[in-house]
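Visitor: Following this message is one structure expressed as structure tokens.
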């Protein structure tokens, strides 16, 4: 009788420890998503800022300036639900403006243009990176949260079910020449 | 930035991953970052100042061959101490799925972790069995890097998730500026790699040789790499033996001069390649490249634009392509030119900057790396209401 009781207790404690460990795992994963999301936000904001700076620098022709300014402004001001669309449109605007590699040379030739071109290059390369890391974390959480033990014991608590950030982040070809 | 790099393989054994880590660490040190590399090494091996020994690797049978791995209590303690002493902003683990230092570091660290997946091995049985353990450790990795699109695909298939592709780096100018050696020039075909490792493909090249030598009477084959030379030429007609020269193991400097000298570099590898650094080195040195059409090779050679491809393991196709190239100096000059332009993207200046971008992306807004004990095992004690702070 006592032996059965002890064994039951041991099993219960083991299950408890396992669930606690899984909850810890989830907790860490959610923290990872938060960090990845913050990094993605920072990169998106950086890209929009560089684009806006270029648009107002009078280096580009007026038409290109307006297109780029409009897209960059919309991306910075977008509401959360509109964000993916607005950022995708900024990618498209950047591709349209820098469709011709000559445009980049014009920017580079302007005073301070080299630094601006470098910043833009960094920004359009880091957005896809940050987005991939973010969605990788989201995928890991979703896989774990779909598991029975997590759903039955509500190990995720009140954390919202994470969503991937889907957007068109293809950089302009003139700026992406080094991607292998 | 304080960067910690984890090397899974013995520092004293030469290998692709080790060289990659050495070059990467030295690149970052030149830029003024603080770098510490944790690597398995015998305690009496002389190490560069930035390498910390994690103790001796133990040879154990793993995944069909004998691998030298670090595991167990002592190694785990050393990993922990290294993490604690280093106080790194970011830790970069190489080959995190091998049951060695990489996995131990994943286990022990918290904070921004970057991992590079070098190989694209098919999933091993051990990996399937240990999947959930592995997954719990790999979940801590904030950013994954694959060395090629091919490696990324296998990674996505086996482990889920995603990765960015950053190729391996090469010091392009080291190869481009090497001095050719006259005795290695003039109708020479070059091969670099282990002679007795069939996956490196020397047997395929040997089968193609009689045809190549018959068509090009002045052609010679130069082989650089260790292994049994007699066995390698066993099936070659006696009269052709004189036209195959074995150079044995050669130094890095000699390898650069070797690749500068040869008229054609042949990479007949039959499989197991996830990148093909030797092709990049050959192109950097301006050698026209002829390689088997493995996925990884096709990608490095820009789908055949920067070097010619032949059907894998097909000695006749190899012979035909080699004869055609040796008889067409214009085509070789074209390959040389396109190859040299193409390899710029593999230069450390580009690759290193990309890896640094990854570090900066994951460290933005994140706390530094710590050994988990430093913070107290966070979940359990807190959830049981025992946490003091």
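Visitor: Quick check on the stretch B:97-128: of everything there that is over 17 Å from residue B:61 (Cα atoms) and at pLDDT below 80, which residue is farthest from the other protein chains (Cβ to nearest Cβ)? Write out each step before concluding.
Guide: So the first thing to find is which residues in the stretch B:97-128 are over 17 Å from residue B:61 (Cα atoms), and the list is B:102-120, B:122, B:128.
Retained after the next criterion (residues that are at pLDDT below 80): B:119-120, B:122, B:128.
Details: B:119: 18, B:120: 15, B:122: 21, B:128: 16 Å.
Taking the candidates together, the pick is B:122.
Visitor: Does any residue in the stretch A:1-27 that is within 20 Å of residue B:137 (Cα to Cα) come within less than 8 Å, Cβ to Cβ, of a residue that is at pLDDT 90 or above six or more places away or on a different chain, and which pairs are these?
Guide: Filtered contacts from the stretch A:1-27: A:26/A:141.
Visitor: Identify all residues within the stretch A:58-76 that are farther than 19 Å from residue A:100 by Cα and either surrounded by fewer than 21 Cβ atoms within 10 Å (Cβ to Cβ) or in contact (Cβ under 8 Å) with a residue 40 or more places away in the chain (or both); write none if there are none. I'd like the intermediate steps shown before the answer.
Guide: Step one: list which residues in the stretch A:58-76 are farther than 19 Å from residue A:100 by Cα, which gives A:70, A:72-76.
Answer for the stretch A:58-76, where residues must be farther than 19 Å from residue A:100 by Cα and either surrounded by fewer than 21 Cβ atoms within 10 Å (Cβ to Cβ) or in contact (Cβ under 8 Å) with a residue 40 or more places away in the chain (or both): A:70, A:73, A:74, A:76.
Visitor: Here are some conditions: (1) modelled with pLDDT under 85; (2) in contact with a helix residue (DSSP H, G or I) (Cβ under 9 Å, 6 or more places away or on another chain); (3) within 11 Å of another protein chain (Cβ to nearest Cβ). Residue B:132 meets all but one. Which one does it not meet?
Guide: (2)
Visitor: Given the conditions (1) assigned to a helix (DSSP H, G or I); (2) in contact (Cβ under 8 Å) with a residue 40 or more places away in the chain, report the number of the one that residue B:153 does not fulfil.
Guide: (2)
Visitor: While we're here: Within the stretch A:1-23, work out how many residues are away from every other protein chain (no Cβ under 14 Å) and in contact with a helix residue (DSSP H, G or I) (Cβ under 8 Å, 6 or more places away or on another chain).
Guide: Total meeting the criteria: 0.
Visitor: Any residue in the stretch B:89-97 that is touching a residue at least 60 places away in the same chain (Cβ under 8 Å), within 21 Å of residue A:36 (Cα to Cα) and surrounded by fewer than 24 Cβ atoms within 10 Å (Cβ to Cβ)?
Guide: The answer is yes; a qualifying residue exists.
The values are calculated or read from the model by the stated rules, or taken from the named source; none is laboratory data. No experiment lies behind these values; they were computed from the predicted model shown. Heads up, the Cβs are rebuilt from the backbone with ideal geometry, glycines too, and the neighbour counts pull from every protein chain shown.
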